[in-house]
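The values are calculated or read from the model by the stated rules, or taken from the named source; none is laboratory data. Please read these numbers as outputs of a predicted model, since none were measured by experiment. Note: ideal-geometry Cβ built from the backbone for every residue, glycine included; neighbour counts use all protein chains shown.
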Amino acid sequence: MGFVHGMAYFGFAFVGHDRSPGWYYSHVKTALSSAPGAARISQPVPMLDLKRQYAPLQQELQEAVGQVLETQQFILGEYAAEFERAAAGQLGVKHAVGCSSGTDALWLALAAAGVGPGMAVVTTPFSFFASVSAILRSGATALLADIEPRTFHLDAAAVERVLDGEQGGAVRAILPVHLYGQCADWSVWGRLRRERGVQLIEDAAQAWGAEWQGVKAGGLGDAAAFSFYPTKNLSAAGDAGMVATNSEELAERARMLRQHGMRRRYYHDEIGWNTRLDGFQAAILSVKLKYIEGWNQARRRVAERYHALFAAAGLAESGSYPERGVVLPGEATGSRHVWHQYVIRVQRRDALREFLAARAIGSEIYYPVALHMQKALRRLGYAEGSFPEAERAAREVLALPIFPELREDEQATVVAAIAEFLN
Ligand SMILES: Cc1ncc(COP(=O)(O)O)c(C=O)c1O
């Protein structure tokens, strides 16, 4: 029942999953009973296995890389231009500007949007470090606001308090993060943009293909930053990133800034940086772009199977915080989640993680330390206790194995191990 409540909160519907609840129940029971004791878990389950993605694409990817070698177009050039065209088309945005990482994409998006010294940007303390460090690198001040406990997204009411506070007048932009592959609730950010005249920069590093009310991440804000780090749902074979925008002016500025502020070769209008997309990464990304929608659909099926397996094991809890079982992640009404990560909340999280590791079951903590508590960010001046939701999330979240090729039996193994730990 709790599970149903929890999911209803998110408007989650059990549509299109491929097994009946009875199947899940018996599957978990089999996994639980087939191997009692510590030796119970019979197979390792990786957190991520990129080799399973590579195997069917091997020939296509090697040909793409071979072509780059043939043409020697190593930096930007035709492969980057081709990827940018296809990427913009898929996202439904006017411009895509490739660069060398998601971190650089965030900085480029901010700098191209005119953010700099004397200004402030509001973001979340519960994200990857780059969401804040990119703001600081732009020369602006980073202001933080707490998160909302169910989605882990930046809390709009908390952001409004910042805007109404002492430093609110300096705020030039808000930087919501589409954490774990789900778009931040854009109806509230769109309203704040209109009412407060701030720009919106999306941190879409984890959200290729995610949607908010039918609009893809990347096309929601004034600009968006994507990462193609190898663990991301759309991944390169190394570091790569991209800025997406519908603004001609912003795209032009980002193109200039990614090449040392040059519009014309060796004539530098501004201090930019070297953050260009390379031909190998672009060629690989162009191949993977053809498959990403199928992979995202597969991720959605994996997430539904986890929901069902946890429900069948009687572990799913309905509140925002875990008591004896686990709080499952959900899909907000109006949102299309691409499940970059499947993140549960659980008590005794670190002990559970060790228990899983002892059974060769992968898991990860995104993120163990809220950003205001990071040594490098003490200078922001926030004390412990400033963002209780972010601090609590940092203690309770655990990301479970999820990737398109993850098998049902592997998922049942993960859930059975968690059930064993909690019971
Ligand atoms: C939310 C978020 N923002 C920014 C980044 C930075 O991307 P990259 O590692 O490509 O620099 C990442 C990925 O690591 C991320 O997850």
Report task. Kindly check whether there is at least one residue in region 102-125 that is at pLDDT 95 or above, farther than 24 Å from ALA244 by Cα and in a helix (DSSP H, G or I). Result -> no
Query raised in the report: Which condition number does SER187 fail, the rest of (1) of a type in the set (Ser, Thr, Tyr); (2) more than 13 Å from the chain's Cα centre (by Cα); (3) surrounded by 23 or more Cβ atoms within 10 Å (Cβ to Cβ) being met?
Result: (3)
Query raised in the report: Taking region 275-317, which residues are over 30 Å from ASN423 (Cα atoms), assigned to a loop (DSSP other than H, G, I, E, B) and not polar (S, T, N, Q)?
Result: ARG276, LEU277, LYS290, TYR291
Report task. Would you check if there is a residue in region 145-153 being of a type in the set (Asp, Glu), under 22 Å from GLY116 (Cα atoms), within 19 Å of the chain's Cα centre (by Cα) and buried (at least 22 other Cβ atoms within 10 Å of the Cβ)? Result -> no
Requested in this report: Tell me which residues, restricted to region 362-402, are crowded, with 22+ Cβ neighbours inside 10 Å and free of Cβ contacts under 8 Å to residues at least 40 places away in the same chain.
Outcome: none
Query raised in the report: Of all the residues that make up region 203-260, how many are of a type outside the set (Phe, Trp, Tyr) and not in a loop (DSSP other than H, G, I, E, B)?
Result: 24
Requested in this report: Select from region 82-101 the residues that are within 16 Å of the ligand (Cβ to nearest atom) and assigned to a helix (DSSP H, G or I) and write down the one among them that is farthest from ALA236 (Cα to Cα).
Outcome: ALA87
Report summary line: With the first residue restricted to region 181-205 and required to be hydroxyl-bearing (Ser, Thr, Tyr), and the second required to be surrounded by fewer than 19 Cβ atoms within 10 Å (Cβ to Cβ), Cβ contacts under 9 Å at 6 or more apart or on different chains are SER187/GLN213; SER187/GLY334
Query raised in the report: Does GLY92 meet the test of being at positive phi, at pLDDT 95 or above and surrounded by fewer than 16 Cβ atoms within 10 Å (Cβ to Cβ)?
Result: yes
Query raised in the report: Would region 335-352 turn up any residue that is of a type in the set (A, V, I, L, M) and surrounded by fewer than 16 Cβ atoms within 10 Å (Cβ to Cβ)?
Result: yes
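Can you tell me which residue in region 126-166 is nearest to the ligand (Cβ to nearest atom), limited to those that are in a loop (DSSP other than H, G, I, E, B) and among the hydroxyl-bearing types (Ser, Thr, Tyr)?
So the residue we want is SER127.
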Report task. Return yes when GLY218 is under 26 Å from SER286 (Cβ atoms) and more than 12 Å from the ligand (Cβ to nearest atom) and no when it is not. Result -> yes
Query raised in the report: When residues of region 196-215 are filtered for being closer than 15 Å to ALA88 by Cβ and either more than 11 Å from the ligand (Cβ to nearest atom) or not assigned by TED's automatic domain parsing to the domain that holds CYS99 (or both), how many remain?
Result: 3
Query raised in the report: Has region 370-390 got at least one residue that is within 23 Å of ILE418 (Cβ to Cβ) and not hydroxyl-bearing (Ser, Thr, Tyr)?
Result: no
Query raised in the report: Taking into account only those residues within region 221-258 that are within 16 Å of the ligand (Cβ to nearest atom) and of a type in the set (Val, Ile, Thr), which is surrounded by the most Cβ atoms within 10 Å (Cβ to Cβ)?
Result: VAL243
